[in-house]
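The structure appears below as structure tokens.
The values are calculated or read from the model by the stated rules, or taken from the named source; none is laboratory data. Quick caveat: nothing in here was measured; it's all calculated off a predicted structure. Positions of Cβ are generated from backbone atoms using ideal geometry, with glycine treated the same way; all protein chains shown enter the neighbour counts.
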């Protein structure tokens, strides 16, 4: 009898971790928070079991297109402003290519009700990654219930859709805690997007949780919505500067949005951080070159894309995921804009 081929499932089972964690370790995906002990355990088990990926097992049966659709739930203007998109695309593309897949990119305007169906029928994709889900996504839920493999980059609580996301609640709380630790009590919020987007809800929740824990009463007048763009941050910050007494710090839940907020602060003749401290979220590549360099929350954007692509491929291939959702950790990076 031929010896049974060792799979990543065997490595995961013996290591006591998920298959995606095994993939993270063996593929050396950057930016993912995995302890050294876990990483070494996975490598040791893979060595003991003599595990090697089987490229022949990566191909799908005939009748499949070997294409994944990446849907961006944003306007074209918002997509162009997304400074992390290249890293996310690289992660998805790398995971897909390793499995013999292509990735089709599709921006989908919020008002486009039939966009998902057109993507499935016209481009013949085998599965969809949805980035930036909104609270109302009945069409993608229906397609999932009809059997289309779907992976969210983000979350739709209560939908049952599998997802990969950043722990944005915890990350946002760490940003606001940093401001509180430096003596700030009147802390403004500019969200990354409208609150119909679940990512905006989560980052706002982290802000509110941090205030509550510190005994600070939330003030609706200190909260404004961004819309993915620097221009929206400029407008939102101008509104916050009209509030009296003035805030002494602001958490902007997107670095791109914070660029506009910083311009509004300087245009008002105020200094950062002496008059108003600023903390962002995302750690986009240019954050260290802001004036002043931006304190922000670093997220593993490449890993977010890679895990989404890797998990969707497994769904397309008929596998059952060992966990419905995966939350990736973030890290506060302190620079000169906050202290």
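Quick notes on this one:
- Residues (surrounded by fewer than 15 Cβ atoms within 10 Å (Cβ to Cβ) and either at pLDDT below 95 or not in a helix (DSSP H, G or I) (or both)) located in the range 196-228: 196, 215, 217, 218, 219
- Any chance residue 231 is touching a helix residue (DSSP H, G or I) at 6+ places or on another chain (Cβ under 9 Å), assigned to a helix (DSSP H, G or I), surrounded by fewer than 21 Cβ atoms within 10 Å (Cβ to Cβ) and touching a residue at least 24 places away in the same chain (Cβ under 8 Å): yes
- Qualifying residue in the range 50-58 (condition: surrounded by 14 or more Cβ atoms within 10 Å (Cβ to Cβ) and modelled with pLDDT of 80 or more): yes
- Of the set (1) in a helix (DSSP H, G or I); (2) farther than 30 Å from residue 312 by Cβ, all apply to residue 173 but (2).
- Residue that is crowded, with 23+ Cβ neighbours inside 10 Å and part of a loop (DSSP other than H, G, I, E, B), where the choices are 262, 272, 284: 284
- Filtering the range 237-247 to residues that are touching a residue at least 60 places away in the same chain (Cβ under 8 Å) and surrounded by fewer than 18 Cβ atoms within 10 Å (Cβ to Cβ) leaves only 246.
- Of all residues in the range 288-339 being part of a loop (DSSP other than H, G, I, E, B) and within 11 Å of the chain's Cα centre (by Cα), the one that is surrounded by the fewest Cβ atoms within 10 Å (Cβ to Cβ): 329
- Exclusive hit being within 26 Å of residue 324 (Cβ to Cβ), modelled with pLDDT of 85 or more and not assigned by TED's automatic domain parsing to the domain that holds residue 124, set 39, 19: 39
- Within the range 66-116, if we keep just the residues that are part of a loop (DSSP other than H, G, I, E, B) and at pLDDT 85 or above, the residue that is nearest to residue 30 (Cα to Cα) turns out to be 84.
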